[in-house]
Amino acid sequence: MTTSNPVTRRTVIGGLGALPVAAALSGTLGAGAARAANRNKVIVVGAGLSGLNAALLLEEQGVDVQVLEGRQRIGGRVLSQRNVPGNPESGGTTVYPGYARVLDACKRFKVDLIDVTPIVPFFRDRELVLDGKLVTPAEWPTHPRNTLPANARNSMPWAYLNPIIGRSNPLKTTDAWLDPANAKYDVSLRQWLTELGVPDETIELCWNINPGYGTTADDVSAMMIMFSAAFTMSQMRLAGRTYGYTAVGGNQSIPEAMAKGLRKPVRLGCNVVGIRSDDQGAEVHCADGTIFKADHVISSLPTSVLRRVRIDPLVKGAQAVAINTLAGQPVNLLHLTVKKPFWEEDGRNPAVFSDGIASMIVPERDAKSPKDVLSLTIWVRGRHATWMDTLQHDDAVAAIVDDFCRIRPAAKGKVEPKAYHSWYQDQFAAGDWALWAPGQVSAFASAVGKSHGRIHFCGEHTAVSNRGMEGAMESGERAAFEILGLV
């Protein structure tokens, strides 16, 4: 397996081999450097990709590291449902060809990958369901809900806005979203689209009923959408003929393999409730009363969780605002096994884009035989996700299945719910990827990842040039470099 990106994690780290560890740490330990023999330890909070990457980089330079994880599993927001055929993902869905750091970790820790390119044509082919009724491509151009311009009425709702966003995107590089010169775009997506001439009814149809970011076009910054679009374009340029990969056994296999590569096992079940830092070192306090001491602490906790952790001394200024206000994306996923291929009975596509609770239905297909459906994943997004999060687990599952069977009557009695995950209700996530609201990028995006005394921060919300799993890896790399005195 190869990637067209010539820059990999190994080329970045390779130049550190001759760097004396004492020299690397001297700039960060200050007065404590003379006591480095017994103060040469780093605590990493969180065993997701960002925390694990930071820990591994530090270990390569001879630093003693202990990773703490609140859950009873490795992976953070990379979650594979191994009790469902096909190991579908509830978080961290695809490894793209430009994910140099992730691909390097797969190579280093011997994680086998599956090329998902054969599945892509099937993923892009889906049917439209509005108001609980199927709308065929032939019916759509003259359908009453079709508010698209006359020259675009053949476009499906999920396909109309992306080209507009792409050609209107002012960001030429993936890190340009942090450039103060672009702060004028840190407005709501609705405002930006309106300025481009997109009517409200089209925004409702093509974004609000099934949003990829936010709950509506009003609570997500246009800058976040621009960053995402620029990043997607950069990945497409690197892709060549390969769309992307998933790991054998699910993408959770990647952080699990990374964790096995650590000298010290990750300590699971360590629910961190406080972090203290002073001139002498740092302490991490857990809910069970356990205290860990170190020279430095790296927190990979998302802001939606970090705000519940007591930090002493208090974080101030823009970074404090970021910790207390930057939210996580609400999104819920329900994975179903299929007792009988109901789509063969009704002659319809098992993939659906809907304005209902079951807003996106994705068949999990066998990459070797793409026509074979292994299971179904229902994505619940936007305002439907926030409503689901007010319900108890069983009630939420029942509501989603009922809506699914309402729009696909042939599925009744032929599917079985096997795994449900709400990222907002996840105690250690409180949402999925960081959701940048209007005004937040210019207010504190440049400050959210800054070190605070001996406390350092990583996580995809602190990444500068990458998103998703690669953004998490990038952020862990930066946090490790901070401690090594390289940034």
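Please enumerate the residues belonging to the range 144-158 that are part of a helix (DSSP H, G or I) and of a type in the set (A, V, I, L, M, F, W, C).
Within the range 144-158, A150, A152, W158 meet the criteria.
Out of everything in the range 111-163 that is of a type in the set (S, T, Y) and in contact with a helix residue (DSSP H, G or I) (Cβ under 6 Å, 6 or more places away or on another chain), what residue ends up being modelled with the lowest pLDDT?
Only one residue fits best here, namely T147.
Could you list all residues from the range 402-424 that are acidic (D, E) and open to solvent by 60 Å² or more (accessible area, probe 1.4 Å)?
D402, E416
Does G240 fit the bill of being in contact with a Pro (Cβ under 9 Å, 6 or more places away or on another chain) and either exposed (fewer than 14 other Cβ atoms within 10 Å of the Cβ) or of a type in the set (F, W, Y) (or both)?
So G240 passes the test.
For residues that are assigned to a helix (DSSP H, G or I) and hydrophobic (A, V, I, L, M, F, W, C), scanning just the range 435-448, find the one that is surrounded by the fewest Cβ atoms within 10 Å (Cβ to Cβ).
A443
If we keep just the residues of the range 209-268 that are among the hydrophobic types (A, V, I, L, M, F, W, C) and free of Cβ contacts under 8 Å to residues at least 60 places away in the same chain, which is nearest to R467 (Cα to Cα)?
So, considering only residues that are among the hydrophobic types (A, V, I, L, M, F, W, C) and free of Cβ contacts under 8 Å to residues at least 60 places away in the same chain, the one nearest to R467 (Cα to Cα) is M236.
Name every residue in the range 449-487 that is surrounded by fewer than 24 Cβ atoms within 10 Å (Cβ to Cβ) and among the aliphatic types (A, V, I, L, M), in order of residue number.
Those that are surrounded by fewer than 24 Cβ atoms within 10 Å (Cβ to Cβ) and among the aliphatic types (A, V, I, L, M): I455, V464, L484, L486, V487.
Go through the range 460-487 and give me each residue that's of a type in the set (D, E) and in a loop (DSSP other than H, G, I, E, B).
None - no residue of the range 460-487 is of a type in the set (D, E) and in a loop (DSSP other than H, G, I, E, B), so the list stays empty.
What single numbered condition from (1) surrounded by 19 or more Cβ atoms within 10 Å (Cβ to Cβ); (2) part of a loop (DSSP other than H, G, I, E, B); (3) over 22 Å from the mean Cα position of the chain (by Cα) fails to hold for V297?
Going through (1) surrounded by 19 or more Cβ atoms within 10 Å (Cβ to Cβ); (2) part of a loop (DSSP other than H, G, I, E, B); (3) over 22 Å from the mean Cα position of the chain (by Cα) one by one, V297 breaks only (2).
Select, from V273, V284, the only residue that is open to solvent by 20 Å² or more (accessible area, probe 1.4 Å) and either hydrophobic (A, V, I, L, M, F, W, C) or outside any helix (DSSP H, G or I) (or both).
Being open to solvent by 20 Å² or more (accessible area, probe 1.4 Å) and either hydrophobic (A, V, I, L, M, F, W, C) or outside any helix (DSSP H, G or I) (or both) holds for just one of V273, V284, which is V273.
Just the residues that are buried (at least 19 other Cβ atoms within 10 Å of the Cβ), in a loop (DSSP other than H, G, I, E, B) and either in contact with a Pro (Cβ under 9 Å, 6 or more places away or on another chain) or not hydrophobic (A, V, I, L, M, F, W, C) (or both), please, taken from the range 338-359.
Those that are buried (at least 19 other Cβ atoms within 10 Å of the Cβ), in a loop (DSSP other than H, G, I, E, B) and either in contact with a Pro (Cβ under 9 Å, 6 or more places away or on another chain) or not hydrophobic (A, V, I, L, M, F, W, C) (or both): F342, P350, A351, D355, G356, S359.
I'd like to know if the range 86-105 contains one or more residues that are over 17 Å from the mean Cα position of the chain (by Cα) and over 26 Å from V373 (Cα atoms).
Yes, the range 86-105 contains a residue that is over 17 Å from the mean Cα position of the chain (by Cα) and over 26 Å from V373 (Cα atoms).
Just checking, does the range 438-460 include any residue being of a type in the set (D, E, K, R), at pLDDT 95 or above and touching a helix residue (DSSP H, G or I) at 6+ places or on another chain (Cβ under 7 Å)?
Scanning the range 438-460, I find at least one residue that is of a type in the set (D, E, K, R), at pLDDT 95 or above and touching a helix residue (DSSP H, G or I) at 6+ places or on another chain (Cβ under 7 Å), so the answer is yes.
Let's see how each residue does on (1) under 19 Å from the mean Cα position of the chain (by Cα); (2) among the small types (G, A, S):
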residue: Y424; (1), (2): yes, no
residue: L435; (1), (2): yes, no
residue: Q440; (1), (2): yes, no
residue: A443; (1), (2): no, yes
residue: A447; (1), (2): no, yes
residue: H452; (1), (2): no, no
residue: V464; (1), (2): yes, no
residue: E470; (1), (2): yes, no
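Looking only at the range 159-169, decide whether some residue is outside any helix (DSSP H, G or I), under 13 Å from M224 (Cα atoms) and touching a residue at least 24 places away in the same chain (Cβ under 8 Å).
yes
Got a sec? Which strands (runs of 3 or more DSSP E) wholly within the range 34-143 have at least 1 residues that are open to solvent by less than 10 Å² (accessible area, probe 1.4 Å) and not aromatic (F, W, Y)?
41-45, 64-68, 89-91, 127-130, 133-135
May I ask you to list the residues in the range 384-401 that are in a helix (DSSP H, G or I), open to solvent by 10 Å² or more (accessible area, probe 1.4 Å) and either farther than 16 Å from L130 by Cα or free of Cβ contacts under 8 Å to residues at least 24 places away in the same chain (or both)?
Within the range 384-401, T386, W387, H393, D394, D395, V397, A398, A399, V401 qualify.
Mind checking which residues of the range 360-371 are open to solvent by 30 Å² or more (accessible area, probe 1.4 Å) and either in a strand (DSSP E or B) or modelled with pLDDT of 95 or more (or both)?
E364, R365
For the range 250-262, does any single residue satisfy the condition of being at positive phi, open to solvent by less than 10 Å² (accessible area, probe 1.4 Å) and not hydroxyl-bearing (S, T, Y)?
So far as the range 250-262 goes, yes, one or more of its residues are at positive phi, open to solvent by less than 10 Å² (accessible area, probe 1.4 Å) and not hydroxyl-bearing (S, T, Y).
Which of the residues spanning the range 327-337 are open to solvent by 20 Å² or more (accessible area, probe 1.4 Å) and either in contact with a Gly (Cβ under 8 Å, 6 or more places away or on another chain) or of a type in the set (A, V, I, L, M, F, W, C) (or both)?
Correct list: A327 only.
Inside the range 306-322, can you point out the residues that are aliphatic (A, V, I, L, M) and surrounded by fewer than 23 Cβ atoms within 10 Å (Cβ to Cβ)?
Those that are aliphatic (A, V, I, L, M) and surrounded by fewer than 23 Cβ atoms within 10 Å (Cβ to Cβ): V309, I311, L314, V315, A318, A320, V321.
Out of R77, R145, I need the residue that is farther than 30 Å from L484 by Cα, in contact with a strand residue (DSSP E or B) (Cβ under 9 Å, 6 or more places away or on another chain) and among the basic types (K, R). Which one?
R145
The values are calculated or read from the model by the stated rules, or taken from the named source; none is laboratory data. Please read all numbers here as calculations on a predicted model, not as lab measurements. Neighbour counts run over all protein chains shown; Cβ positions are idealised from the backbone, glycine included. When the accessible area is computed, the model is the full protein with side chains, heavy atoms only, and any ligands, DNA or RNA have been set aside. Shrake-Rupley method; radii C 1.70, N 1.55, O 1.52, S 1.80 Å.
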